[in-house]
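Take this structure first; my questions come after.
The values are calculated or read from the model by the stated rules, or taken from the named source; none is laboratory data. As the structure is a computational prediction, the values presented were derived from the model and not from experiment. Methodologically, a virtual Cβ is constructed for each residue, glycine included, from the backbone with ideal geometry; neighbour enumeration extends over all protein chains shown. Please note that ligands, DNA and RNA were not included when accessible areas were found on the heavy atoms of the full protein model with its side chains. Shrake-Rupley method; radii C 1.70, N 1.55, O 1.52, S 1.80 Å.
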Amino acid sequence: MTDSPLDEDQEVAGLGARLREQRVSSRLTLEVAAARVGLSPAYLSRLETGRRQPSLPVLLGLARAYGTSVAELLGEQPGEPDPVIRGGRIEPGRAGGWGYRRAGAQNRAMQALRVHVPPSTQDAVVRVHPGEEWLYVTKGRMKLTLGDRVHFLDEGDSAHFDSMTPHVIAADSAAGLDLIFVHTLLQSPGGDLCLGDAPRL
């Protein structure tokens, strides 16, 4: 698939530049940062130039590697915590198709996102990291791999698991998958642990 520039919608506008700024402020080279998250330097470079959109696992891994939050990477402005988060349409990016919208307050022990996963997954890396995850399918069908077991979740189904269990999230429906994702923000000094091959471009 040929890389395409991202749509400049409110969820992902400037994401690449923020990824680069966070890496530079963390004093990490492209090679070191990529290795911490299990990516190739070329792939991370394309994320930073906006030619690719990160999947949810990659975005979480980068946030942990840089000691920040997904909300900050997505450009959410800090301020007084607002207990009400208004809904809105998730605009999938053209490169990869993953789309995100905040669904919880910032700077909390848990992070909540509304996520759109495209029908063909961009990131097949198996993720292992500290914390817990809770997923709730709002539209479509999910293929969730936990360890050596594969689960299929339909609309209204949910899953709650220890993130140290190797896991992969993928869509198993023609139009992709919409879900609510809640994760406990436990920092891992070494970044994500990855099994299998990282995306190579």
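Looking at (1) at pLDDT 90 or above; (2) surrounded by fewer than 15 Cβ atoms within 10 Å (Cβ to Cβ), which one does residue 201 not meet, given that it meets all the others?
Among (1) at pLDDT 90 or above; (2) surrounded by fewer than 15 Cβ atoms within 10 Å (Cβ to Cβ), the lone unmet condition for residue 201 is (1).
Of the residues 30, 73, 47, 15, which is at pLDDT 80 or above, under 23 Å from residue 177 (Cβ atoms) and in contact with a Lys or Arg (Cβ under 8 Å, 6 or more places away or on another chain)?
Working: 30 fails: under 23 Å from residue 177 (Cβ atoms); 47 fails: in contact with a Lys or Arg (Cβ under 8 Å, 6 or more places away or on another chain); 15 fails: in contact with a Lys or Arg (Cβ under 8 Å, 6 or more places away or on another chain).
Being at pLDDT 80 or above, under 23 Å from residue 177 (Cβ atoms) and in contact with a Lys or Arg (Cβ under 8 Å, 6 or more places away or on another chain) holds for just one of 30, 73, 47, 15, which is 73.
Under 6 Å by Cβ, and 6 or more places apart or on different chains, what pairs join a residue from region 19-32 that is within 17 Å of residue 75 (Cα to Cα) and open to solvent by 70 Å² or more (accessible area, probe 1.4 Å) with one that is part of a helix (DSSP H, G or I) and modelled with pLDDT of 90 or more?
20/48
Of all residues in region 146-176 being touching a Pro at 6+ places or on another chain (Cβ under 8 Å), under 21 Å from residue 61 (Cβ atoms) and not in a strand (DSSP E or B), which is most open to solvent (accessible area, probe 1.4 Å)?
Here the residue is 164.
Among the residues of region 47-70, what is the count of those that are within 15 Å of residue 28 (Cα to Cα), in contact (Cβ under 8 Å) with a residue 60 or more places away in the chain and open to solvent by 10 Å² or more (accessible area, probe 1.4 Å)?
Kept after step one, since they are within 15 Å of residue 28 (Cα to Cα), are these residues of region 47-70: 48, 61-68.
Now drop any that are not in contact (Cβ under 8 Å) with a residue 60 or more places away in the chain, which leaves 61, 64-65, 67.
With the extra rule that they be open to solvent by 10 Å² or more (accessible area, probe 1.4 Å), the set shrinks to 64-65, 67.
Number of matching residues: 3.
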